[in-house]
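A.B. asks: This is the structure I have questions about; it appears just below.
The values are calculated or read from the model by the stated rules, or taken from the named source; none is laboratory data. Just so we're clear, the structure is a prediction, and the values are computed from it rather than from any experiment. Using ideal geometry, Cβ is built from the backbone for each residue, glycine included, and neighbour counts are taken over all protein chains shown.
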Amino acid sequence: MKTLEPSMLAALAPREDFPILAREVHGKPLVYLDSAASAQKPRQVLEAMENFQRTSYANIHRGAYTLSEEATAAYEGARKKVARFINARNVREVVWTRNTTESINLVANSWGGANLKVGDVVLLSEIEHHSNIVPWQLIAARTGARLAYIPVTDGGELDQEAYARLLETERPKLVAVTQMSNVLGTLPPVREMIAQAHAVGALVLLDGAQSVPHLPVDVRALDCDFLAFSGHKMLGPSGIGVLWARRELEAMPPFLGGGDMIREVSLHSSTWNDLPWKFEAGTPAITEAVGLGAAVDYLSALGMEQVHAHEQALTAYALERLAAVPDLTVYGPPAERRGGVCSFTLGDIHAHDLATILDNAGVAVRAGHHCAQPLMERYHIPATARASFYVYTTAAEIDALAEGLMQAREIFAL
Ligand code: 7TS
(Lines give C-alpha, C1' and ligand atoms only; values in the text may rest on other atoms or scores of the structure.)
Protein backbone atom coordinates (compact mmCIF):
# COMPACT_ATOMS: atom_id res chain seq x y z
CA MET A 1 0.00 0.00 0.00
CA LYS A 2 1.35 3.41 -0.90
CA THR A 3 2.17 5.83 1.88
CA LEU A 4 0.22 9.04 1.69
CA GLU A 5 1.48 12.58 1.69
CA PRO A 6 1.15 14.02 5.21
CA SER A 7 -0.15 17.27 3.66
CA MET A 8 -3.26 15.42 2.46
CA LEU A 9 -4.04 14.38 5.96
CA ALA A 10 -4.62 17.63 7.76
CA ALA A 11 -8.27 18.28 8.57
CA LEU A 12 -10.40 19.17 5.55
CA ALA A 13 -12.53 21.64 7.53
CA PRO A 14 -10.99 24.31 9.81
CA ARG A 15 -10.88 22.65 13.22
CA GLU A 16 -11.54 26.03 14.87
CA ASP A 17 -15.04 25.83 13.40
CA PHE A 18 -15.79 22.97 15.83
CA PRO A 19 -15.73 24.35 19.40
CA ILE A 20 -15.97 20.93 21.07
CA LEU A 21 -12.70 19.78 19.49
CA ALA A 22 -10.83 22.26 21.70
CA ARG A 23 -11.75 20.43 24.91
CA GLU A 24 -9.70 17.94 26.87
CA VAL A 25 -10.69 14.52 28.19
CA HIS A 26 -8.76 13.05 31.14
CA GLY A 27 -6.24 15.86 30.71
CA LYS A 28 -5.57 14.92 27.07
CA PRO A 29 -6.73 16.70 23.90
CA LEU A 30 -9.98 15.15 22.71
CA VAL A 31 -9.52 12.82 19.73
CA TYR A 32 -13.06 12.31 18.52
CA LEU A 33 -13.28 9.16 16.42
CA ASP A 34 -16.99 8.40 16.71
CA SER A 35 -18.52 10.48 13.93
CA ALA A 36 -20.31 7.44 12.49
CA ALA A 37 -22.45 7.46 15.65
CA SER A 38 -22.92 11.23 15.67
CA ALA A 39 -20.87 14.04 14.14
CA GLN A 40 -19.81 17.21 15.94
CA LYS A 41 -21.28 20.54 14.90
CA PRO A 42 -19.49 23.57 13.49
CA ARG A 43 -20.26 27.01 14.92
CA GLN A 44 -22.05 27.86 11.65
CA VAL A 45 -24.70 25.26 12.54
CA LEU A 46 -24.82 26.23 16.22
CA GLU A 47 -25.15 29.92 15.33
CA ALA A 48 -27.83 29.34 12.70
CA MET A 49 -29.92 27.51 15.29
CA GLU A 50 -29.33 30.09 18.00
CA ASN A 51 -30.05 33.04 15.69
CA PHE A 52 -33.24 31.42 14.53
CA GLN A 53 -34.35 30.77 18.11
CA ARG A 54 -33.47 34.31 19.17
CA THR A 55 -35.04 36.16 16.29
CA SER A 56 -37.57 34.18 14.27
CA TYR A 57 -38.87 31.20 16.24
CA ALA A 58 -42.58 30.42 16.11
CA ASN A 59 -44.64 27.45 15.05
CA ILE A 60 -44.77 26.98 11.29
CA HIS A 61 -47.72 27.08 8.88
CA ARG A 62 -49.66 29.13 11.46
CA GLY A 63 -51.24 31.90 9.49
CA ALA A 64 -50.26 35.40 8.71
CA TYR A 65 -48.19 36.78 11.53
CA THR A 66 -44.62 37.76 10.77
CA LEU A 67 -42.77 35.36 13.07
CA SER A 68 -44.67 32.33 11.80
CA GLU A 69 -44.02 33.43 8.23
CA GLU A 70 -40.30 33.77 8.94
CA ALA A 71 -40.18 30.41 10.71
CA THR A 72 -42.05 28.73 7.85
CA ALA A 73 -39.69 30.28 5.30
CA ALA A 74 -36.66 29.02 7.27
CA TYR A 75 -38.12 25.54 7.71
CA GLU A 76 -39.14 25.21 4.06
CA GLY A 77 -35.90 26.86 2.93
CA ALA A 78 -33.93 24.13 4.69
CA ARG A 79 -35.99 21.55 2.82
CA LYS A 80 -34.95 23.17 -0.47
CA LYS A 81 -31.29 22.98 0.56
CA VAL A 82 -31.62 19.27 1.32
CA ALA A 83 -33.43 18.66 -1.98
CA ARG A 84 -30.58 20.35 -3.87
CA PHE A 85 -27.97 18.47 -1.85
CA ILE A 86 -29.27 15.08 -3.00
CA ASN A 87 -30.34 16.37 -6.43
CA ALA A 88 -34.04 15.64 -5.89
CA ARG A 89 -36.23 16.52 -8.85
CA ASN A 90 -38.73 18.29 -6.65
CA VAL A 91 -38.59 19.73 -3.14
CA ARG A 92 -41.87 17.95 -2.36
CA GLU A 93 -40.05 14.63 -2.47
CA VAL A 94 -38.25 15.54 0.78
CA VAL A 95 -40.10 14.55 3.96
CA TRP A 96 -38.76 15.57 7.36
CA THR A 97 -38.63 12.81 9.94
CA ARG A 98 -36.76 12.44 13.23
CA ASN A 99 -33.97 10.24 11.88
CA THR A 100 -33.10 7.37 9.54
CA THR A 101 -34.89 4.96 11.83
CA GLU A 102 -38.16 6.86 11.57
CA SER A 103 -37.76 7.24 7.81
CA ILE A 104 -37.43 3.48 7.35
CA ASN A 105 -40.32 2.80 9.73
CA LEU A 106 -42.40 5.23 7.67
CA VAL A 107 -41.72 3.27 4.47
CA ALA A 108 -42.20 -0.11 6.16
CA ASN A 109 -45.54 0.89 7.66
CA SER A 110 -46.96 3.07 4.95
CA TRP A 111 -45.63 1.54 1.73
CA GLY A 112 -45.18 -1.94 3.24
CA GLY A 113 -48.58 -1.93 4.94
CA ALA A 114 -50.29 -1.04 1.66
CA ASN A 115 -48.24 -3.19 -0.71
CA LEU A 116 -46.90 -6.29 1.03
CA LYS A 117 -49.00 -9.44 0.97
CA VAL A 118 -48.58 -13.00 2.20
CA GLY A 119 -45.50 -14.56 0.60
CA ASP A 120 -44.03 -11.29 -0.73
CA VAL A 121 -40.30 -10.92 -0.16
CA VAL A 122 -38.29 -7.96 1.14
CA LEU A 123 -34.60 -8.45 0.37
CA LEU A 124 -32.17 -7.02 2.94
CA SER A 125 -28.48 -7.71 3.56
CA GLU A 126 -26.40 -9.15 6.37
CA ILE A 127 -24.60 -5.84 6.92
CA GLU A 128 -27.71 -3.83 7.77
CA HIS A 129 -28.11 -1.70 10.87
CA HIS A 130 -30.95 -2.89 13.12
CA SER A 131 -33.00 0.06 11.91
CA ASN A 132 -33.08 -1.50 8.43
CA ILE A 133 -33.99 -4.94 9.78
CA VAL A 134 -36.44 -4.62 12.66
CA PRO A 135 -39.05 -2.41 10.92
CA TRP A 136 -39.19 -5.04 8.15
CA GLN A 137 -39.55 -7.87 10.67
CA LEU A 138 -42.49 -6.00 12.23
CA ILE A 139 -44.27 -5.37 8.94
CA ALA A 140 -43.52 -8.90 7.74
CA ALA A 141 -45.23 -10.26 10.86
CA ARG A 142 -48.26 -8.07 10.15
CA THR A 143 -48.59 -8.78 6.42
CA GLY A 144 -47.25 -12.33 6.06
CA ALA A 145 -44.35 -11.09 3.92
CA ARG A 146 -40.97 -12.79 4.21
CA LEU A 147 -37.43 -11.46 4.60
CA ALA A 148 -34.40 -12.72 2.67
CA TYR A 149 -30.79 -11.58 3.05
CA ILE A 150 -27.92 -10.89 0.66
CA PRO A 151 -24.90 -12.60 2.26
CA VAL A 152 -21.72 -10.74 3.15
CA THR A 153 -18.38 -12.23 2.11
CA ASP A 154 -15.51 -12.91 4.52
CA GLY A 155 -13.94 -9.74 3.15
CA GLY A 156 -16.94 -7.65 4.15
CA GLU A 157 -18.63 -7.09 0.79
CA LEU A 158 -22.09 -7.99 -0.43
CA ASP A 159 -21.92 -11.19 -2.48
CA GLN A 160 -23.02 -9.96 -5.90
CA GLU A 161 -23.47 -13.43 -7.41
CA ALA A 162 -25.75 -14.39 -4.57
CA TYR A 163 -27.60 -11.10 -5.01
CA ALA A 164 -28.28 -11.80 -8.70
CA ARG A 165 -29.50 -15.30 -7.78
CA LEU A 166 -31.74 -14.01 -4.98
CA LEU A 167 -33.37 -11.50 -7.32
CA GLU A 168 -34.23 -14.36 -9.68
CA THR A 169 -35.37 -16.90 -7.10
CA GLU A 170 -37.06 -14.62 -4.55
CA ARG A 171 -38.48 -11.97 -6.90
CA PRO A 172 -38.55 -9.41 -4.07
CA LYS A 173 -40.97 -6.50 -4.03
CA LEU A 174 -38.41 -4.32 -2.31
CA VAL A 175 -34.65 -4.37 -1.84
CA ALA A 176 -33.56 -2.37 1.24
CA VAL A 177 -29.79 -2.00 1.62
CA THR A 178 -27.27 0.32 3.15
CA GLN A 179 -25.16 2.53 0.90
CA MET A 180 -22.36 2.30 3.46
CA SER A 181 -21.91 -0.11 6.35
CA ASN A 182 -21.56 1.58 9.74
CA VAL A 183 -19.38 -1.32 10.96
CA LEU A 184 -17.18 -2.30 8.00
CA GLY A 185 -17.33 0.89 5.93
CA THR A 186 -18.33 -1.25 2.92
CA LEU A 187 -19.64 0.72 -0.06
CA PRO A 188 -21.79 -1.77 -1.98
CA PRO A 189 -22.13 -1.13 -5.73
CA VAL A 190 -25.61 0.30 -5.22
CA ARG A 191 -25.99 1.84 -8.65
CA GLU A 192 -25.68 -1.55 -10.35
CA MET A 193 -27.71 -3.22 -7.61
CA ILE A 194 -30.57 -0.75 -8.13
CA ALA A 195 -30.64 -1.35 -11.89
CA GLN A 196 -30.71 -5.11 -11.32
CA ALA A 197 -33.53 -4.79 -8.78
CA HIS A 198 -35.59 -2.64 -11.11
CA ALA A 199 -35.10 -5.20 -13.87
CA VAL A 200 -37.07 -7.72 -11.80
CA GLY A 201 -39.67 -5.15 -10.77
CA ALA A 202 -38.43 -4.46 -7.22
CA LEU A 203 -38.26 -1.01 -5.65
CA VAL A 204 -35.08 -0.04 -3.80
CA LEU A 205 -34.68 1.71 -0.46
CA LEU A 206 -31.20 2.97 0.33
CA ASP A 207 -30.17 3.47 3.94
CA GLY A 208 -28.12 6.63 3.52
CA ALA A 209 -27.34 7.20 7.23
CA GLN A 210 -23.61 6.73 6.59
CA SER A 211 -23.41 7.68 2.91
CA VAL A 212 -25.20 11.03 2.65
CA PRO A 213 -22.88 12.64 5.24
CA HIS A 214 -19.73 11.33 3.57
CA LEU A 215 -20.11 11.00 -0.22
CA PRO A 216 -21.84 12.78 -3.06
CA VAL A 217 -25.31 11.19 -3.23
CA ASP A 218 -27.45 11.96 -6.27
CA VAL A 219 -30.85 10.31 -6.16
CA ARG A 220 -31.47 10.86 -9.86
CA ALA A 221 -28.17 9.32 -10.93
CA LEU A 222 -28.63 6.41 -8.52
CA ASP A 223 -32.26 5.94 -9.58
CA CYS A 224 -33.25 4.63 -6.14
CA ASP A 225 -36.85 4.82 -4.95
CA PHE A 226 -36.38 5.72 -1.27
CA LEU A 227 -33.44 7.27 0.60
CA ALA A 228 -33.29 7.62 4.39
CA PHE A 229 -30.75 9.67 6.38
CA SER A 230 -30.18 11.57 9.65
CA GLY A 231 -29.15 15.16 10.40
CA HIS A 232 -26.96 14.33 13.40
CA LYS A 233 -24.45 12.31 11.37
CA MET A 234 -23.88 15.15 8.88
CA LEU A 235 -22.83 18.04 11.16
CA GLY A 236 -26.46 18.85 12.00
CA PRO A 237 -28.51 18.35 15.15
CA SER A 238 -30.28 15.22 16.36
CA GLY A 239 -34.07 15.11 16.10
CA ILE A 240 -34.22 15.79 12.35
CA GLY A 241 -33.92 13.28 9.53
CA VAL A 242 -35.05 12.86 5.96
CA LEU A 243 -37.04 10.46 3.88
CA TRP A 244 -36.67 11.16 0.20
CA ALA A 245 -39.02 9.24 -2.05
CA ARG A 246 -39.94 9.45 -5.66
CA ARG A 247 -43.44 9.05 -6.98
CA GLU A 248 -44.25 6.25 -4.54
CA LEU A 249 -45.02 8.86 -1.89
CA GLU A 250 -48.08 10.06 -3.81
CA ALA A 251 -49.96 6.82 -3.35
CA MET A 252 -48.69 5.90 0.10
CA PRO A 253 -51.16 6.20 2.99
CA PRO A 254 -50.22 8.49 5.90
CA PHE A 255 -47.90 7.15 8.62
CA LEU A 256 -48.86 9.28 11.63
CA GLY A 257 -52.15 11.14 11.91
CA GLY A 258 -52.70 14.55 13.49
CA GLY A 259 -52.31 18.25 12.89
CA ASP A 260 -50.75 19.65 9.70
CA MET A 261 -51.01 16.39 7.72
CA ILE A 262 -54.71 16.86 6.87
CA ARG A 263 -56.70 18.90 4.41
CA GLU A 264 -60.09 18.49 6.08
CA VAL A 265 -61.25 16.59 9.13
CA SER A 266 -64.80 15.60 10.00
CA LEU A 267 -65.89 13.39 12.86
CA HIS A 268 -65.61 10.17 10.91
CA SER A 269 -63.16 10.78 8.11
CA SER A 270 -60.35 13.02 6.90
CA THR A 271 -58.55 13.95 3.73
CA TRP A 272 -54.81 14.44 3.44
CA ASN A 273 -52.58 17.42 2.90
CA ASP A 274 -50.33 17.69 -0.15
CA LEU A 275 -46.86 16.19 -0.16
CA PRO A 276 -44.64 16.36 1.79
CA TRP A 277 -46.79 17.64 4.69
CA LYS A 278 -49.08 14.58 4.47
CA PHE A 279 -46.24 12.73 6.23
CA GLU A 280 -45.40 15.45 8.75
CA ALA A 281 -47.98 15.19 11.52
CA GLY A 282 -47.67 17.51 14.51
CA THR A 283 -45.22 20.29 15.30
CA PRO A 284 -41.92 19.22 13.77
CA ALA A 285 -38.29 19.84 14.76
CA ILE A 286 -38.28 23.38 13.37
CA THR A 287 -34.99 24.70 14.76
CA GLU A 288 -33.32 21.41 13.93
CA ALA A 289 -34.43 21.65 10.30
CA VAL A 290 -32.81 25.09 10.16
CA GLY A 291 -29.65 23.58 11.68
CA LEU A 292 -29.59 20.80 9.10
CA GLY A 293 -29.95 23.41 6.36
CA ALA A 294 -26.85 25.16 7.73
CA ALA A 295 -25.01 21.83 7.89
CA VAL A 296 -25.84 21.18 4.24
CA ASP A 297 -24.47 24.64 3.36
CA TYR A 298 -21.28 23.84 5.28
CA LEU A 299 -20.79 20.46 3.59
CA SER A 300 -21.60 21.88 0.15
CA ALA A 301 -18.96 24.59 0.63
CA LEU A 302 -16.39 21.89 1.44
CA GLY A 303 -17.55 19.82 -1.55
CA MET A 304 -18.73 16.24 -1.08
CA GLU A 305 -16.13 14.88 -3.52
CA GLN A 306 -13.45 16.41 -1.29
CA VAL A 307 -15.12 15.04 1.86
CA HIS A 308 -15.05 11.54 0.41
CA ALA A 309 -11.47 11.87 -0.85
CA HIS A 310 -10.32 13.14 2.57
CA GLU A 311 -11.91 10.20 4.34
CA GLN A 312 -10.54 7.65 1.90
CA ALA A 313 -7.06 9.07 2.41
CA LEU A 314 -7.51 8.90 6.19
CA THR A 315 -8.82 5.34 5.93
CA ALA A 316 -5.88 4.22 3.82
CA TYR A 317 -3.56 5.81 6.38
CA ALA A 318 -5.44 4.22 9.29
CA LEU A 319 -5.34 0.74 7.73
CA GLU A 320 -1.60 1.15 7.27
CA ARG A 321 -1.08 2.35 10.87
CA LEU A 322 -3.33 -0.34 12.37
CA ALA A 323 -1.63 -3.10 10.36
CA ALA A 324 1.52 -2.28 12.35
CA VAL A 325 -0.19 -3.03 15.68
CA PRO A 326 0.48 -6.69 16.56
CA ASP A 327 -2.55 -8.89 17.36
CA LEU A 328 -4.94 -6.42 15.79
CA THR A 329 -7.63 -7.57 13.33
CA VAL A 330 -9.39 -5.03 11.13
CA TYR A 331 -12.68 -6.07 9.51
CA GLY A 332 -13.94 -5.01 6.11
CA PRO A 333 -12.84 -4.25 2.55
CA PRO A 334 -9.70 -2.48 1.32
CA ALA A 335 -9.52 1.32 1.61
CA GLU A 336 -10.57 2.02 -1.97
CA ARG A 337 -13.90 0.27 -1.45
CA ARG A 338 -14.79 1.61 1.97
CA GLY A 339 -15.77 4.84 3.70
CA GLY A 340 -14.12 6.31 6.79
CA VAL A 341 -14.84 3.52 9.25
CA CYS A 342 -12.44 0.97 10.81
CA SER A 343 -13.77 -1.76 13.09
CA PHE A 344 -11.21 -3.89 14.86
CA THR A 345 -10.44 -6.28 17.70
CA LEU A 346 -7.15 -6.49 19.58
CA GLY A 347 -6.16 -9.98 20.75
CA ASP A 348 -8.78 -11.17 23.20
CA ILE A 349 -9.25 -7.78 24.86
CA HIS A 350 -12.94 -6.98 25.08
CA ALA A 351 -13.92 -4.04 22.91
CA HIS A 352 -15.36 -2.16 25.91
CA ASP A 353 -12.08 -2.47 27.83
CA LEU A 354 -10.25 -1.26 24.78
CA ALA A 355 -12.54 1.76 24.45
CA THR A 356 -12.03 2.59 28.13
CA ILE A 357 -8.25 2.49 27.81
CA LEU A 358 -8.43 4.65 24.69
CA ASP A 359 -10.72 7.09 26.50
CA ASN A 360 -8.06 7.54 29.18
CA ALA A 361 -5.81 8.69 26.35
CA GLY A 362 -8.49 11.15 25.19
CA VAL A 363 -9.49 8.96 22.23
CA ALA A 364 -13.25 8.43 21.75
CA VAL A 365 -14.17 5.27 19.83
CA ARG A 366 -17.35 3.25 19.90
CA ALA A 367 -17.36 -0.31 21.21
CA GLY A 368 -20.09 -2.90 20.92
CA HIS A 369 -22.19 -4.57 18.24
CA HIS A 370 -22.95 -1.23 16.55
CA CYS A 371 -26.62 -2.17 16.16
CA ALA A 372 -25.57 -4.86 13.69
CA GLN A 373 -25.86 -8.08 15.70
CA PRO A 374 -26.45 -10.32 12.64
CA LEU A 375 -23.14 -9.07 11.21
CA MET A 376 -21.32 -9.80 14.49
CA GLU A 377 -22.78 -13.29 14.43
CA ARG A 378 -21.63 -13.75 10.83
CA TYR A 379 -18.04 -13.03 11.92
CA HIS A 380 -18.36 -14.97 15.19
CA ILE A 381 -17.38 -11.98 17.31
CA PRO A 382 -19.30 -10.42 20.20
CA ALA A 383 -18.20 -6.87 19.53
CA THR A 384 -15.62 -4.63 17.90
CA ALA A 385 -14.11 -1.26 18.65
CA ARG A 386 -14.71 1.22 15.86
CA ALA A 387 -12.91 4.38 14.81
CA SER A 388 -14.69 6.62 12.34
CA PHE A 389 -13.56 9.76 10.57
CA TYR A 390 -14.99 13.01 9.29
CA VAL A 391 -14.08 16.38 7.85
CA TYR A 392 -12.27 17.48 11.04
CA THR A 393 -10.23 14.28 11.49
CA THR A 394 -6.44 14.39 11.03
CA ALA A 395 -3.69 11.81 10.55
CA ALA A 396 -2.27 12.88 13.92
CA GLU A 397 -5.49 11.65 15.54
CA ILE A 398 -5.05 8.28 13.89
CA ASP A 399 -1.51 8.23 15.31
CA ALA A 400 -3.03 8.88 18.76
CA LEU A 401 -5.34 5.90 18.22
CA ALA A 402 -2.45 3.64 17.22
CA GLU A 403 -0.42 4.74 20.25
CA GLY A 404 -3.41 4.11 22.52
CA LEU A 405 -3.67 0.60 21.10
CA MET A 406 0.01 -0.06 21.80
CA GLN A 407 -0.60 1.05 25.41
CA ALA A 408 -3.54 -1.34 25.62
CA ARG A 409 -1.26 -4.18 24.51
CA GLU A 410 1.12 -3.35 27.36
CA ILE A 411 -1.64 -3.10 29.95
CA PHE A 412 -3.05 -6.48 28.92
CA ALA A 413 0.43 -7.98 28.50
CA LEU A 414 -0.23 -9.13 24.93
N1 7TS B 1 -28.44 3.02 9.39
C2 7TS B 1 -27.10 3.07 9.52
C3 7TS B 1 -26.23 2.51 8.43
C4 7TS B 1 -26.56 3.66 10.66
O5 7TS B 1 -25.24 3.73 10.78
C6 7TS B 1 -27.42 4.18 11.66
C7 7TS B 1 -26.90 4.75 12.94
C8 7TS B 1 -28.80 4.13 11.44
C9 7TS B 1 -29.27 3.53 10.30
C10 7TS B 1 -29.76 4.70 12.41
O11 7TS B 1 -29.66 6.09 12.45
P12 7TS B 1 -30.49 6.93 13.49
O13 7TS B 1 -30.06 8.33 13.26
O14 7TS B 1 -31.92 6.70 13.17
O15 7TS B 1 -30.12 6.42 14.85
N16 7TS B 1 -25.64 4.25 13.30
C17 7TS B 1 -25.04 4.41 14.49
C18 7TS B 1 -23.76 3.92 14.74
O19 7TS B 1 -23.07 3.34 13.92
N20 7TS B 1 -23.43 4.21 16.00
O21 7TS B 1 -24.44 4.86 16.57
C22 7TS B 1 -25.45 4.99 15.64
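A.B. asks: Go through the range 114-141 residue by residue and tally those that are more than 21 Å from Glu248 (Cα to Cα), away from the ligand (no atom under 16 Å from the Cβ) and in a helix (DSSP H, G or I).
C.D. replies: Summing the residues that are more than 21 Å from Glu248 (Cα to Cα), away from the ligand (no atom under 16 Å from the Cβ) and in a helix (DSSP H, G or I) in the range 114-141 gives 1.
A.B. asks: Return yes when Val177 is part of a loop (DSSP other than H, G, I, E, B), within 12 Å of the ligand (Cβ to nearest atom) and either of a type in the set (A, V, I, L, M) or under 20 Å from Leu106 (Cα atoms) (or both) and no when it is not. Full working, then the answer.
C.D. replies: Values: part of a loop (DSSP other than H, G, I, E, B): no; within 12 Å of the ligand (Cβ to nearest atom): yes; either of a type in the set (A, V, I, L, M) or under 20 Å from Leu106 (Cα atoms) (or both): yes.
No, not satisfied.
A.B. asks: Then there is this: Just to verify a result, which residue in the range 218-233, among those that are aliphatic (A, V, I, L, M) and within 13 Å of the ligand (Cβ to nearest atom), is surrounded by the most Cβ atoms within 10 Å (Cβ to Cβ)?
C.D. replies: The selected residue is Ala228.
A.B. asks: Which residue out of Lys41, Lys81 is under 26 Å from the mean Cα position of the chain (by Cα), crowded, with 17+ Cβ neighbours inside 10 Å, assigned by TED's automatic domain parsing to the domain that holds Asn182 and charged (D, E, K, R)? Explain how you work it out, then say what you get.
C.D. replies: Details: Lys41 fails: assigned by TED's automatic domain parsing to the domain that holds Asn182.
Result of the check over Lys41, Lys81: Lys81.
A.B. asks: Assess whether Arg89 counts as being away from the ligand (no atom under 16 Å from the Cβ), at pLDDT below 95, charged (D, E, K, R) and assigned by TED's automatic domain parsing to the domain that holds Leu203.
C.D. replies: no
A.B. asks: Could you check, for the range 196-213, whether at least one of its residues is crowded, with 23+ Cβ neighbours inside 10 Å, part of a strand (DSSP E or B) and touching a residue at least 60 places away in the same chain (Cβ under 8 Å)?
C.D. replies: Yes; the residues of the range 196-213 include at least one that is crowded, with 23+ Cβ neighbours inside 10 Å, part of a strand (DSSP E or B) and touching a residue at least 60 places away in the same chain (Cβ under 8 Å).
A.B. asks: Just to check your reading of the model, which residue among Gly156, Gly239, Gly259 is surrounded by fewer than 24 Cβ atoms within 10 Å (Cβ to Cβ), touching a Gly at 6+ places or on another chain (Cβ under 9 Å) and within 30 Å of His380 (Cβ to Cβ)?
C.D. replies: Numbers: Gly239 fails: within 30 Å of His380 (Cβ to Cβ); Gly259 fails: within 30 Å of His380 (Cβ to Cβ).
Within the list Gly156, Gly239, Gly259, the selection yields Gly156.
A.B. asks: Anything in the range 29-67 that is among the small types (Gly, Ala, Ser) and modelled with pLDDT of 95 or more? List them, or say none.
C.D. replies: If the condition is that a residue be among the small types (Gly, Ala, Ser) and modelled with pLDDT of 95 or more, then Ser35, Ala36, Ala37, Ser38, Ala39, Ala48, Ser56, Ala58 are the ones that fit.
A.B. asks: Filter the range 83-114 down to residues that are closer than 14 Å to Asp225 by Cα and in contact with a Gly (Cβ under 7 Å, 6 or more places away or on another chain), then give me how many there are.
C.D. replies: 1
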